[in-house]
1. Helix-only estimate, please: 222 nm mean residue ellipticity of the chain, summing -39500 (n - 2.57) across DSSP H runs of length 4 or more and dividing by its residues, to the nearest 500.
2. Applying the Karplus parametrisation 6.51 cos²θ - 1.76 cosθ + 1.60 with θ = phi - 60° to the phi angles of the range 176-189, what ³J(HN,Hα) value in whole Hz is obtained for each residue in order, glycine and proline being reported as x?
3. Using Cβ-Cβ distances only, list the Cys residues of the chain with no partner cysteine under 4.7 Å, sorted by number.
4. Using a simple spin-label model with points 7 Å from Cα along the Cα→Cβ vector, what separation in nm is obtained for Ala64 and Ala191?
5. For the range 52-95, just say rounded, prolate or oblate: build the C-alpha gyration tensor, square-root its eigenvalues into a ≥ b ≥ c, call rounded for a/c under 1.5, and beyond that prolate if a/b exceeds b/c, oblate if not.
6. Can you figure out the FRET efficiency of Gln40 with Lys234, using R₀ = 30 Å and their beta-carbon distance, to the nearest 0.05?
7. Could the peptides 119-132, 93-106 be put in order, highest first, of the mean number of other beta-carbon atoms found within 10 Å of their residues?
8. What whole-number volume per residue, in cubic angstrom, does the convex hull of the C-alpha atoms of the chain give?
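Just so it is clear, none of the values below were taken in a lab; they were calculated from the coordinates. Owing to the predicted nature of the structure, the values given are computational and were not obtained by experimental measurement. In this analysis, Cβ positions are derived from the backbone assuming ideal geometry, glycine residues included, and neighbour counts consider all displayed protein chains.
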Amino acid sequence: MIGRLLGALLAALLAPAGASRAAAGLLDACWTPDELRDGQGRGALPHAAASPDAVVAPLPPLPARLQGSIRAVHPAGDEKVIALTFDLCEGARGVSGYDAPLVAYLREQGVRATFFAGGKWLRSHPEPALQLMADPRFEIGSHSWSHKDFDGLPAAARDDEIAKAQTEYARLRAELAGRACAVATGPAALAAIPPQPALFRFPYGRCDRAALDALAAAGLPAIQWSIVTGDPAKGQGAAAIARAILDRTRPGAIVVMHANGRGWHTAEALRTAIPELRRRGYRFVTVSELLALGEPVTADRCYE
Ligand SMILES: [Zn+2]
């Protein structure tokens, strides 16, 4: 405990200026390398104690360029950028998992990535959720509360699925802000963490027109993909996943994968795909960074 506090204080003293460097300080101050590698930490958090900080302000409605379902981006100058995305799905029944080795590999490689986390997944995996949140390499988008099919979902249930995930994220962020390690690291590190998710991915990639309109009004871009890896299928081996990525890579591509333990060979596939993409000159960016680098490729309907 004393070692942890001393480490946090030292990290705070040594933290260089700049929000992203400060946030790296937060990650190191709050978890040991072993805890990060395993997705472990202090354990379960009290769920009932929702802080007033967890009340989320509405986001401004989406500008026209971000409306519809976004499948890729045309980056300016055809810059070789690619967004790896990992869904953290969890349905109303049961608890899914967390692919800690996959995330450890991304960290080791310094690969930036986006995680679309279900609100219910955040609640059942608080420690990994906070680690992803505190890591300046990563961005967290919403994957709704409990992974319902948004094609034909009644308006009240739909809006509830969207809002509950935003609130759960904000509640966890407030929990992180209250930890001694975060207090010792200072406010700059927390300021680098968005107050709520600013991206959304539909469960099963399914939606209807009303759901797209609801997201536009809620200020959340609907992020789909240009490369599907098929990684939730147990028979989809690492070589096939890597080939799916490498065969279809273009500047501005968005790749969909899973990090909830249901991407059976995903981590192994990345050990082929990531070095090969780098060899081809690609740089890994988050989805928000990708959207800022060019024009989104949108459609007025979802894939399925
Ligand atoms: Zn999902």
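1. Result for the chain, helices only: -13000 deg cm²/dmol.
2. Taking θ as phi minus 60°, the curve returns 4, 4, x, 6, 4, 5, 6, 4, 5, 6, x, x, 5, 5 Hz for the range 176-189.
3. Taking the Cβ cut-off of 4.7 Å, the unpaired cysteines of the chain are Cys89.
4. Computed distance between label sites Ala64 and Ala191 equals 3.6 nm.
5. Details: a/c = 2.44, a/b = 1.40, b/c = 1.75.
Here the range 52-95 falls in the oblate category.
6. Computed FRET efficiency for Gln40 and Lys234 comes out at 0.70.
7. Numbers: 119-132: 23.7, 93-106: 17.2.
My ranking of the peptides, most packed first, is 119-132, 93-106.
8. Once divided by residue count, the hull of the chain is 131 Å³.
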